[in-house]
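S.K.: Provided herewith is a single structure, encoded as structure tokens, for subsequent inquiry.
The values are calculated or read from the model by the stated rules, or taken from the named source; none is laboratory data. Fair warning: this is a prediction, and the values are worked out from it, not measured in the lab. When we count neighbours, we look across all protein chains shown, and the Cβ atoms used for this are built from the backbone with ideal geometry, even at glycine. What goes into the accessible areas is simple: the full protein's heavy atoms, side chains included, and nothing from ligands, DNA or RNA. Shrake-Rupley method; radii C 1.70, N 1.55, O 1.52, S 1.80 Å.
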Amino acid sequence: MTIDALLFQALNGLASASSLFLIGVGLSIIFGVSRIVNMAHGSLYMLGIYIAYSCATHIGGAFGFWGGIVISTLLVAAIGAMIEIVLLRRIYRAPELFQLLATFAVVLVVSDLTLWIWGNEDLLGPRAPGMTGAVEILGRRMPTYDIFMMFVGPAVLLVLYWLLARTRFGRLIRAATQDREMVGALGVDQARLFTLVFALGAGLAGLGGALQLPREPANLAIDLNLIGDAFVVVVVGGMGSITGAYLAALIIAEIKALCIALGAQTIFGVSFNFSRLTLVAEFLVMAVVLIVRPYGLMGRAQGLIRTLAIPEEPVRAADAMTKGLAGIVLAVLVVMPLASAYWPYATVLGIDMLIAALFATSLHFIKGPGGMHSFGHAAYFGLGAYGAGLAVKAGGLSTMPALLVVAPLAAFAGAALFGWFCVRLSGVYLAMLTLAFGQIVWSIVYQWETFTGGSNGVVGVWPQGLLADRSIYYWLVLALTVSGVMFLRTVIFAPFGLGLRAVRDNPLRAAAIGLDVRRIQWIAFILAGTVCGVAGGLYAFAKGSISPETIHVGRSIDGIVMVLLGGLQTVSGPVIGGPLFTLLQDTLIRQVSYWRAALGIVILIIVLVFPQGVVGSIAHWRQWLAERARRPA
Amino acid sequence: MSVLEVAGLAKSFGGVKAVDGVTFNVERGEFLALIGPNGAGKSTCFNMINGQLTPDAGDVRLDGRSIARLSPRQIWSAGVGRTFQIAATFASFTVIENVQMALLSHRGEVYRFVGGVGPRHREEAIALLDRVGMADQSYRSSRELAYGDVKRLELAIALANDPKLLLMDEPTAGMATKERNELIALVKRLVVEHGISVLFTEHSMDVVFTFADRIVVLARGRLIAEGDAASIRANKDVQAVYLGTGKVFERKGAARPSGAQAP
Ligand SMILES: Nc1ncnc2c1ncn2[C@@H]1O[C@H](COP(=O)(O)OP(=O)(O)OP(=O)(O)O)[C@@H](O)[C@H]1O
Ligand SMILES: [Mg+2]
């Protein structure tokens with residue numbers, strides 16, 4: 001490697017930094033003012049690319065391309081404003097988690113809308129008119145468009161800087177970022193400010209997407225793949241700081257460029273290909289920054305975000321009626337495989353639903369009683385699945401030890417490592433870090449082809465011996481799910497569970513009576529991860545193959561929806577929510593071609609109409625009826 | 001001998017010297033009031049004594065051993081109980097569970113993963129609740145309690161580890177006069193009967209002058225007077241601070257949950 005090569009890559013890094021900056025900065029501005037983490041930011045960016053594609057191909061020529069960028073920016077800004085007016089305005093006062101979910105529902109709806117309009121083929125746009133050539137720099141050729149991109153980031157940064165410093169709108173944004181309540185006090189029309197801020201943030205995403213058209217094809221995976229990048233930029237830079245966002249983008253892009261420039265190197269006799277690190281690099285940067293500077297490079301400690309969530313009711317042991325009901329359900333579950341004579345699909349679906357119950361229960365454990373909102377729970381599911389699958393394929397183990405030892409052990413190791421970092425943060429920052437770790441696991445699995453099979457995954461992981469029989473495997477799943485659920489339930493009611501809930505309710509008070517807040521949260525994290533690993537192992541053998549899809553953010557979010565569907569504040573919620581979600585998804589996938597949009601709408605209904613979840617709503621109802629009965633008419 | 005020795009304690013936030021070289025002692029079995037106008041630095045002192053904040057300078061010694069850089073957890077194990085200015089309990093627990101939690105922690109039984117909490121230390125918890133007059137509400141959910149009752153529950157929690165020193169930041173804020181006097185009389189009894197030393201802050205001068213053994217006065221982070229009720233009442237500096245003749249001591253009223261009562 002020469003100095004020239006290194007410099008050349010560093011220049012390339014500047015171009016990438018501009019892209020990254022445009023991905024993150026809008027999200028940062030939106031968060032700063034509204035305190036909403038907009039999961040749909042990647043979707044807005046994706047729309048930007050698609051709209052720019054349509055302009056460039058339908059209108060054509062220089063006007064179609066350059067004008068298309070302007071049109072995309074404005075159109076996506078308008079869409080952002082619409083999302084704010086129709087949806088977000090209703091949930092500013094809702095708990096954080098609901099806001100995240102609502103915006104995720106938008107992701108699903110936009111995803112299907114895009115599929116409906118543009119189809120599912122990757123669409124490669126034309127090259128930028130007037131910038132199709134390349135320039136020779138340091139003996140290498142650099143595309144003119146990349147050089148143009150280098151300047152776009154700093155230019156946008158300057159414009160935003162001017163906007164914030166010199167205009168009334170900008171001053172309001174800064175004031176709101178520092179103290180949201182103050183803006184209300186100033187007598188500003190908050191609703192309009194928020195709408196405009198959303199339009200600005202969305203427009204920036206649209207611009208970022210449109211500018212990317214000559215460099216990557218428009219495709220439907222952009223939305224979710226981008227959330228990770230966007231979060232990293234915002235969190236590393238500090239939420240709400242635009243300069244921070246550029247700095248973060250620059251650091252990440254340059255580190256990636258350095259990895260590429262280093263390429264394969266031999267250190268102490270071990271050869272290592274640094275370019276492999278590119279996918280993981282940004283998440284490593286984020287993990288390091290969050291640990292050293294928990295509020296990001298340029299961020300300030302968040303003022304206490306006042307949520308109006310009502311404190312939870314005390315958890316009570318199940319009453320006789322609930323226990324009886326559980327007994328009946330269990331009996332039905334045990335005899336379910338007998339139904340497969342009439343409905344062969346019953347066992348298959350049953351296995352999926354049980355695994356979902358275990359997955360959701362393990363996530364609920366840290367979310368509900370633990371109060372830690374994980375957005376990367378799929379990591380432990382994936383570690384369990386890959387652990388079990390590889391133990392069988394590469395390690396030659398048989399089914400049971402792979403399932404009962406390797407799967408939980410792999411997840412345990414991951415949860416212990418990641419959890420140690422995560423419990424040092426709280427709130428949105430903790431959510432982001434869990435997501436980042438989830439993405440790290442995903443990237444490693446995706447890139448380490450020789451071991452994990454890369455995008456093909458591991459195939460032929462079928463249970464052996466007796467377990468090869470579907471019914472018997474079903475009973476094993478049932479037994480392990482029931483044990484796992486009962487175990488976590490027992491822990492919730494045991495002294496440790498009380499301690500965990502104490503730490504969630506009031507960390508200050510908990511520390512003042514001698515509870516080790518971090519240690520308790522860490523142990524909870526590990527317990528949940530380990531149990532989730534078993535669910536992952538069961539999944540591997542149920543499907544016979546594992547792909548990186550198993551670890552995707554999509555699954556982490558499915559888990560959150562399952563937990564909320566059941567109700568966050570009830571111990572038995574996830575046992576219902578997991579299977580119900582699976583059933584819904586299964587039915588939707590088979591009956592509705594646009595099932596994602598349908599699922600998104602279901603989520604929106606939960607968030608807007610049943611914020612307590614199904615089980616929570618039933619409990620609420622029962623209480624209401626009981627109170628009415630007690631009161632004389 | 002002194003239970004607690006505070007020596008040259010200091011803490012700044014940004015440029016503001018919230019506590020500026022404060023020195024005082026709490027004797028064994030003493031009921032000591034720390035008073036001062038809003039923003040004087042009382043809560044900040046408490047936060048440094050119980051380990052929630054690390055002092056910029058100075059030392060805190062409990063029974064002669066320095067605790068200034070220990071965590072709240074370690075300081076609690078050393079025998080310091082604490083109540084907060086804005087009462088802190090576990091809102092999702094029943095009243096008795098709040099106390100059971102503290103007892104479990106005191107006995108080192110937090111890391112038990114099986115066996116329900118229900119019967120553990122139940123009698124002892126009820127006895128503690130009885131001491132603060134809350135036994136009859138043991139099984140209520142603590143989020144439904146009246147604020148005065150939350151304060152009493154918090155006291156029961158703080159007593160769970162048999163503390164030798166109790167730090168009470170405005171224990172009676174938000175209480176009616178009658179309730180206020182009852183609670184302070186209760187705490188005073190604890191001091192007399194169990195030999196617990198109590199350091200408390202309080203805005204009602206009636207309460208302070210009637211019950212406190214000794215009074216320490218802070219203003220703008222500095223200790224300006226120390227002594228018994230009579231000498232504090234007679235102290236010119238204190239009068240200046242409290243009667244508003246010395247404008248230097250006036251501060252913009254910080255947001256307070258209670259109606260501050262200046263005599
Ligand atoms: N975390 C903090 N960050 C910045 N400033 C703080 C912080 N905590 C306290 N202060 C400042 O330190 C000073 C002392 O505050 P403190 O809460 O100790 O006063 P206090 O005597 O308890 O007042 P009050 O009677 O209102 O409770 C005040 O000026 C306050 O604004
Ligand atoms: Mg105070």
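S.K.: Under a 10 Å cutoff between Cα atoms, tell me which one of B:218, B:70, B:32 has the largest fluctuation in the Gaussian network model of chain B.
M.R.: B:70
S.K.: Roughly how many whole Å is it from the C-alpha centroid of the stretch A:261-291 to that of the stretch A:355-420?
M.R.: First find each Cα centre; the distance between them is then 25 Å.
S.K.: Using only Cα atoms, find the angle between the long axis of helix A:427-447 and the longest principal axis of chain A, and express it within 0 to 90 degrees, rounded to the nearest 10.
M.R.: So the inclination is approximately 80 degrees.
S.K.: For residue A:134, enumerate residues with amide H under 5 Å from its amide H, sequence gap 5+ or separate chain, H modeled in the peptide plane.
M.R.: Here the answer is A:144, since their amide H atoms fall under 5 Å of that of residue A:134.
S.K.: Here is a further query. How large is the helix-only mean residue ellipticity at 222 nm for chain A, computed as the sum of -39500 (n - 2.57) over DSSP H runs with n ≥ 4, divided by its residue count, in deg cm²/dmol to the nearest 500? Present the calculation step by step, with values, prior to reporting the outcome.
M.R.: Working: 25 runs with 437 residues, N = 633.
Mean residue ellipticity at 222 nm (helix-derived): -23500 deg cm²/dmol.
S.K.: Now, a different point. Picking from B:34, B:128, B:155, which is most flexible by a Gaussian network model of chain B using Cα springs under 10 Å?
M.R.: Comparing B:34, B:128, B:155 in the GNM, the peak value goes to B:128.
S.K.: For the protein assembly as shown, with only Lys/Arg (+1) and Asp/Glu (-1) charged at the beta-carbon, what is the dipole magnitude about the Cα centre, in debye rounded to 20?
M.R.: Values: 71 positive and 57 negative charges, 199 e Å.
That gives the protein assembly as shown a dipole magnitude of about 960 debye.
S.K.: In degrees, nearest 10, range 0 to 90: what is the angle between the Cα axis of helix A:144-166 and the longest Cα principal axis of chain A?
M.R.: 80
S.K.: Based only on Cα atoms, what Rg/Rh ratio does the stretch A:3-292 have, Rh being taken as Kirkwood's radius? Working shown, then result.
M.R.: On the way: Rg = 19.5 Å, Rh = 19.7 Å.
In the stretch A:3-292, Rg relative to Rh is 0.99.
S.K.: May I have the extent of the alpha carbons of the stretch B:159-216 along their three principal axes, as whole Å values ordered from largest to smallest?
M.R.: Sorted largest first, the three principal extents are 28, 22, 18 Å.
S.K.: For the stretch A:560-618, what is Rg from Cα atoms divided by 2.2 N^0.38 Å, rounded to two decimals? Present the calculation step by step, with values, prior to reporting the outcome.
M.R.: Working: Rg = 11.2 Å, N = 59, 2.2 N^0.38 = 10.4 Å.
Rg over 2.2 N^0.38 Å, computed on Cα atoms: 1.08.
S.K.: So, one more: Per residue, how many Å² of accessible area does the protein assembly as shown show with a 1.4 Å probe? Please list the in-between numbers first.
M.R.: Values: 37040 Å² over 896 residues.
For the protein assembly as shown, the per-residue accessible area is 41 Å².
S.K.: If one computes the Cα centroid of the stretch B:1-19 and of the stretch B:180-235, what distance in Å separates the two points?
M.R.: 19
S.K.: Place a +1 charge on the Cβ of each Lys and Arg in the stretch B:2-243 and a -1 charge on the Cβ of each Asp and Glu, then give the dipole magnitude about the Cα centre in debye, rounded to the nearest 20. Walk me through the numbers on the way to the answer.
M.R.: Working: 28 positive and 28 negative charges, 89 e Å.
Using Cβ point charges on Lys, Arg, Asp and Glu, the stretch B:2-243 gives about 420 debye.
S.K.: Please express the Cα-Cα pair-distance distribution P(r) of the protein assembly as shown as a list of whole percents, one per 20 Å bin, running from 0 to the bin with the greatest distance.
M.R.: 13, 40, 34, 12, 1
S.K.: Please build a GNM for chain B, connecting alpha carbons under 10 Å apart, and tell me which residue among B:110, B:19, B:198 fluctuates the most.
M.R.: Residue with maximal mean-square fluctuation among B:110, B:19, B:198: B:110.
S.K.: Related question: Could you tell me the total accessible area buried at the A-B interface, probe 1.4 Å, in square angstrom to the nearest hundred?
M.R.: Working: alone 27840 and 12130 Å², together 37040 Å².
Summing both sides, the interface buries roughly 2900 Å².
S.K.: Any lysines with Cα under 17 Å of the residue B:151 Cα? List them, leaving off those in the same chain fewer than 8 positions away.
M.R.: Reachable lysines: B:178, B:188.
S.K.: Taking Cα atoms, how many degrees apart are the long axis of helix A:345-367 and the longest axis of chain A, rounded to 10 and kept between 0 and 90?
M.R.: Helix A:345-367 and the main axis of chain A meet at about 70 degrees.
S.K.: Counting residues in the stretch A:497-602 as N, plug N into 2.2 N^0.38 Å and put the Cα Rg over that result.
M.R.: Details: Rg = 17.4 Å, N = 106, 2.2 N^0.38 = 12.9 Å.
Taking the Cα Rg and dividing by 2.2 N^0.38 Å, one obtains 1.35.
S.K.: I want to check the label-to-label distance for residue B:107 and residue A:121. Put each point 7 Å from Cα in the C-beta direction and report it in nm to one decimal.
M.R.: Between residue B:107 and residue A:121, the simple spin-label model gives 7.2 nm.
S.K.: Using a Cα-Cα cut-off of under 21 Å, which lysines could be cross-linked to residue B:236, ignoring same-chain neighbours fewer than 8 residues away?
M.R.: B:42, B:247
S.K.: Where does the stretch A:65-213 land on the Kirkwood hydrodynamic radius, alpha-carbon pairs, in angstrom?
M.R.: 18.1
S.K.: Also, I was wondering about something else. Kindly provide the Kirkwood hydrodynamic radius of the stretch A:345-625 in Å, to one decimal, from all pairs of distinct alpha carbon atoms.
M.R.: Working: mean 1/r = 0.0529 Å⁻¹.
About 18.9 Å, per the Kirkwood formula over Cα pairs.
S.K.: Here is a further query. Considering every pair of different Cα atoms, what Kirkwood radius, in Å, is found for the stretch A:357-491?
M.R.: Working: mean 1/r = 0.0625 Å⁻¹.
Averaging 1/r across every pair of different Cα atoms and inverting gives 16.0 Å.
S.K.: Roughly how many percent of the accessible protein surface of the stretch A:3-292 is carbon and sulfur, given a 1.4 Å probe and a whole-percent answer?
M.R.: Details: 7720 of 11660 Å².
The computed percentage sits at 66.
S.K.: Also, I was wondering about something else. Taking residue B:11 as the anchor, which aspartates and glutamates have their alpha carbon closer than 20 Å to its alpha carbon, excluding any fewer than eight residues away along the same chain?
M.R.: B:20, B:56, B:59, B:169
S.K.: Rounded to the nearest 500, what is chain B's calculated 222 nm mean residue ellipticity when only DSSP H runs of at least 4 contribute -39500 (n - 2.57) each, over all residues? Intermediate results must be reported in sequence, preceding the final value.
M.R.: On the way: 9 runs with 87 residues, N = 263.
My calculation for chain B gives -9500 deg cm²/dmol from helical runs alone.
S.K.: For the full complex of protein chains and a 1.4 angstrom probe, list A:268, B:24 by accessible area with the highest value first.
M.R.: Working: A:268 205, B:24 5 Å².
Descending accessible area places them as A:268, B:24.
S.K.: Note down, for chain B, the three equivalent ellipsoid semi-axes (square root of 5 times each alpha carbon gyration tensor eigenvalue), biggest first, whole angstrom. Display every interim value, and only then the final one.
M.R.: On the way: eigenvalues 195, 86, 56 Å².
Equivalent-ellipsoid dimensions as semi-axes: 31, 21, 17 Å.
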